[in-house]
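The values are calculated or read from the model by the stated rules, or taken from the named source; none is laboratory data. Note that the structure is a prediction, hence the values are computed from the model and not measured. Cβ: placed from backbone, ideal geometry, glycine included. Neighbour counts: every protein chain shown. When the accessible area is computed, the model is the full protein with side chains, heavy atoms only, and any ligands, DNA or RNA have been set aside. Shrake-Rupley method; radii C 1.70, N 1.55, O 1.52, S 1.80 Å.
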Amino acid sequence: MKISVIGCGYLGAVHAVCMAELGHEVVGVDVDPNKIAMLNRGEAPFFEPGLPELLEKLADIRASGRLSFSTDISAARGAQVHFVAVGTPQKKGSNAADLTYVDAAVEALLPVLSAGDIVVGKSTVPVGTAARLAQRVVEGAPGAILAWNPEFLREGFALKDTLTPDRLVYGVPAGSDGDAAVAALDSVYSVALENDTPRIVTDYATAELVKVSANAFLATKISFINAMAEVCEATGADVTQLADAIGHDVRIGRRFLNAGLGFGGGCLPKDIRAFMARADELGVDQALSFLSDVDAINLRRRTRMVELAREVVGGDLTGKRIAVLGLAFKPNSDDVRDSPALSVAAELASSGAIVVATDPEAIETSRARNHDLHLVETVEEAAAGADAVLILTEWQEYRDLDPETLGGIVGNRAILDGRNCLVPSQWRDAGWTYRALGRP
Ligand code: UGA
């Protein structure tokens, strides 16, 4: 099929490249000329494992024009399916989602649409958005049809999640338009469907809600275990053992029960806030009031981490040298949007500490967000003479650190494990003070 993808960020660029890998003819469109130039050169504009290799693998397809990128929306003309994959960030000064980019993408598409074209929203939007946009499509491009097909990919696993999704959700209008949208999406996803991927066909509102409720559930699971971590801290219990023990119950499950600094990134934090804002508008704010606790528990972990750091350096951070290992919101990503690690690093610096921070991939993205941090390339530079070392993102290379080697570099053997990713006994046996969130 001929497909266009509007928006070439983490979601859209991966979607475009994966659709080409599945055999479709794809044009990706974005307003950022740098991003488009990089993609056309076969370079990934952000860090995502496997993306550079897949772009390289598709070199011939790119050369033949069957996978191309453009800043000109008219390049989308002639495609049968148009995915809208632009961002919906948190609005400044409010919990609500900013729909400016989604609205602009749909408006820009209208003149290039033909009757029978399917516009497919992938962005995470407040419930009710698709119905509103469907009306715009009816008015602005007669005969074109809107569908909503939420995306569940995780950064770091984006290619796998796109090529082999664990489910497909289609929100479509009733009647023959809905049938046409389902048929088009079935053709797009024929490979996944042949592999028995579950497919749920539903209305717009349910499809929109599936996405935000999935993220709300995941955020709640993480904050639940972090609430248990707070209780563990007050009682001397160990939250990692607690998570293992309750996780054996298949009804609970061990995944997303890793206690630590909590969730960040471009999705979970802003999605739960936008969900609360939308529930408020709908008069069902009470139904989601627990999400404000989920948010508060999550943010308290960052404060607790700063307190722990203050404690291990003797009660005053002023002038203390703190090594921060990890800035990305999670490993295998260079994304620092609402990153717990970056926020702790910034808070330590504003409390008077001399923070020297590093990350395997997120130095440039961190620099773009916070000009005041002292950023270095290596663990050795960050840890040299440090009064305390903080692991704030659990990159494998930090999990693998050797206590003896690192002990030879630091000023004081004190380590704070913000992600419960180290084996405490290994560090204590090597003479380190080991502290973690939710662990004795
Ligand atoms: C999340 C969802 O997992 C995806 O399904 C969804 O498609 C995506 O948002 C989105 O809406 O686009 P992502 O933001 O890539 O994906 O990251 P996650 O893997 O969910 O991690 C989110 C945060 O939770 C990270 O900061 C991570 O460190 C933290 N986390 C995760 C924990 O603190 N504990 C855990 O047990 C798991």
| Probe 1.4 Å - accessible area at Ile200, Å² to nearest ten | 80 Å²
| query | How long is the gain from Ala183 to Ser350 if the chain were fully straight, where each residue apart is worth 0.36 nm and the alpha carbon distance is subtracted? | reply | 54.6 nm
| query | In region 330-381, which GluC sites (Glu not before Pro) are in a loop and have at most 16 other Cβ atoms within 10 Å, using DSSP for the loop call? | reply | Glu377
| remark: Cross-link reach from Lys2 to aspartates and glutamates, straight Cα distance under 18 Å and at least 8 residues apart if same chain, gives Glu21, Glu25, Asp30, Asp60, Asp72, Asp117, Asp186
| said: Tell me the per residue accessible area of region 203-440 using a 1.4 Å probe; a whole number in Å² is fine. | reply: 42 Å²
| message | Under a Cβ-only charge scheme (Lys and Arg +1, Asp and Glu -1), can you give me the dipole magnitude of the chain about the Cα centre, in debye to the nearest 20? | response | 500 debye
| task | Would you calculate a helix-derived [θ] at 222 nm for the chain, using -39,500 (n - 2.57) for each DSSP H run of n ≥ 4 and dividing by the full residue count, to the nearest 500? | result | -13000 deg cm²/dmol
| request: With +1 on each Lys and Arg Cβ and -1 on each Asp and Glu Cβ, and nothing else charged, work out how big the dipole of region 37-168 is about its Cα centre, in Debye to the nearest 20. | output: 160 debye
| request: Report, in cubic angstrom per residue, the convex hull volume of the C-alpha atoms of the chain. | output: 150 Å³
| query | Quick one: putting +1 on the C-beta of Lys and Arg, -1 on the C-beta of Asp and Glu, what dipole do you get for region 133-290 around its Cα centre, in Debye to the nearest 20? | reply | 200 debye
| query | How would Asp103, Asp402 rank on accessible area, largest to smallest, probe 1.4 Å? | reply | Asp402, Asp103
| Once the whole set of protein chains is in place, how much accessible area is left on Cys421, using a 1.4 Å probe, in Å² to the nearest 10? | 20 Å²
| task | Specify the angular offset, from 0 to 90 degrees and rounded to the nearest 10, of the alpha carbon long axis of helix 340-350 from the longest principal axis of the alpha carbons in the chain. | result | 50 degrees
| request: For Val250, tell me the accessible area in Å² from a 1.4 Å probe, rounded to the nearest 10. | output: 140 Å²
| query | Where does the charge balance sit around Ser223 when Lys and Arg score +1, Asp and Glu -1, over other residues with C-beta under 14 Å from its C-beta? | reply | +2
| field | Whole-Å semi-axes of the ellipsoid equivalent to region 203-440 (Cα gyration tensor, √5λ, descending) | value | 32, 21, 16
| How big is D for region 1-78, in µm² s⁻¹ as a whole number, if Stokes-Einstein is applied with the Kirkwood radius of its Cα pairs at 4 °C and 1.567 mPa s? | 109 µm²/s
| query | What is the chain's relative contact order, in percent, from Cα pairs under 8 angstrom and six or more apart in sequence? | reply | 12 percent
| field | Karplus-derived 3J(HN,Hα), 6.51/-1.76/1.60, for each residue of region 60-73, Hz, glycine and proline x | value | 5, 5, 5, 4, 7, x, 7, 9, 9, 9, 8, 8, 9, 4
